[in-house]
Amino acid sequence: MTDVGNVKRALKPTTKLIWVETPTNPLLKIIDIESLVRTVKEKRPQAIVRPLSLGADVVVHSCTKYINGHSDVVMGAAITNNEDIHEHLLFQQGAVGAIPSPFDCFLCNRGLKTLH
């Protein structure tokens, strides 16, 4: 994914989504998002940078790396501004027991203090 030329060659008329994670997991390579967006826009008219404000239903974050900042907790987040999806996510969270411990929440909150 860090080679924009490879992404451009992989695009097909049926491509609906390009999933970008930066830094990459697990190798922590940095993706040139600006170049990637320019390349994709040559084939597709829209890039999502602020997904909820542009109509995305759910945004998924790995809190383990960037949000936590210390890689000492395993946590993720699914964010939505759609009430129906929110209720469904809350039900699923409770049904499968995907509740972080208070200490994990403390560790993640600690990283938020220096998030830029």
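When restricted to Cα atoms, the range 1-108 yields an Rg and a Dmax of 16.6, 46 Å, respectively. Overall, the ratio between the Cα radius of gyration of the range 59-115 and 2.2 N^0.38 Å, rounded to two decimals, is 1.19. Estimated at 0.36 nm per residue, the fully extended path between residue 27 and residue 82 surpasses their Cα-Cα distance by 16.5 nm.
Note on residue 41: lysines with a C-alpha under 27 Å away, same-chain residues under 8 apart excluded, are 8, 12, 16, 29.
Listing 105, 63 from fewest to most neighbouring C-beta atoms within 10 Å gives 105, 63. How tilted is helix 83-96 with respect to the longest principal axis of the chain? Cα atoms for both, answer in degrees (0 to 90, nearest 10). For helix 83-96, the angle is close to 60 degrees.
Every read-out reported here was derived from the displayed coordinates using simple, explicitly stated rules and does not represent laboratory data. Predicted model only: the values in this text are computed from it and were never measured. A quick note on method: Cβ atoms are made from the backbone with ideal geometry, for glycine too, and the neighbour counts reach across all protein chains shown.
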